[in-house]
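Working notes, beginning with the structure itself.
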Amino acid sequence: MTADELASIIDDAGYSLPNESAISDIETLIGSTLPEDYRAFLSLTPGGQVYGRVLFSLSGEPVGTERLSRVAGVRPEPDLSLVERFHSANDNDVPLGLLSIMTDGGGNDIAISLRPDRFGEIFFLDHEVSGGEGSPALEEAESDDWAYAIKFASSFSELINGFTVDR
């Protein structure tokens, strides 16, 4: 799947596409730049509910057929706002340095790393094994002992290239 194909199955609910200023404002509010491929995607959609069932694959292997439910962006609703997701990260057990950018139909977050040493990496956050104690360190969350944060892709582009839609 391409960024354009993903954007085409997101219900924008009549919101305008974000401009460069709106995306820069998000970066200012979260205190970090965003990876270029993800930044480019944000200019294609304001975010919203996703239509269709998305097949997730990791290294070409199917890892689930859960419906991709929401894609965050430049929207005011808390569950669709990148800024609100950033501010509620501790309440939602998102590891430090990650930004929740999507949610699957089961309520699991898909997050992008803003840490300089892991910049742009994508993680699947399995809420079934969340510690429920706020934002853990990423290393703790992805350790074999916990396995809450599962590295899903090396970049946003790699993530969406592994998506297919079952209409």
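Each reported figure results from applying straightforward, stated rules to the coordinates on display, with no laboratory input. This one's a predicted model, so the numbers in the text were calculated from it and none came from an experiment. Positions of Cβ are generated from backbone atoms using ideal geometry, with glycine treated the same way; all protein chains shown enter the neighbour counts.
When each of the peptides 101-107, 43-49 is scored by how many other beta carbons lie within 10 Å of its residues on average, the order from highest to lowest is 43-49, 101-107. Can you tell me which of D79, D109, D91 moves the most in a GNM of the chain? Springs connect C-alpha atoms under 10 Å apart. Residue with maximal mean-square fluctuation among D79, D109, D91: D91.
If the chain linking A40 and R115 were pulled fully straight, counting 0.36 nm for each residue of separation and taking away their Cα-Cα distance, it would gain 25.1 nm.
Based on DSSP H runs of at least 4 residues, each adding -39500 (n - 2.57), what is the mean residue ellipticity at 222 nm of the chain after dividing by all its residues, to the nearest 500 deg cm²/dmol?
Working: 6 runs with 40 residues, N = 167.
Roughly -6000 deg cm²/dmol at 222 nm, from the helical runs in the chain.
Dividing the Cα radius of gyration of segment 3-166 by 2.2 N^0.38 Å, with N the residue count, gives 0.96.
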